[in-house]
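My questions all concern the structure below.
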Amino acid sequence: MKTPLDTPSLRNKVISLLARREYSRAELYQRFKDQVESTQLLNEELDRLAENGLSE
């Protein structure tokens, strides 16, 4: 099993994807849910990105 993504790595990967095209929150969640230690971490990061206007 791969090492789960930490917050900075997760943020970088999500931003890299968003730089190429728009993804819905659901798409991002599905794509990364198995790559993080907890889905709470993922939801918190997606919330931060939305607050900063980087995602829906």
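Any read-out appearing in this document is the output of simple, stated calculations on the displayed coordinates, not a laboratory observation. This structure is a prediction, so every number in the text was calculated from the model and none was measured. Counting neighbours? That spans all protein chains shown, and the Cβs are built from the backbone with ideal geometry, glycine included.
Could you compute Rg(Cα) / (2.2 N^0.38 Å) for the chain, with N its residue count?
Normalised Cα radius of gyration, the chain: 1.02.
Within 10 Å of each candidate Cβ there may be at most 16 other Cβ atoms; applying that plus a DSSP loop requirement, which trypsin sites (Lys or Arg not before Pro) in the chain survive?
LYS2, ARG21, LYS33
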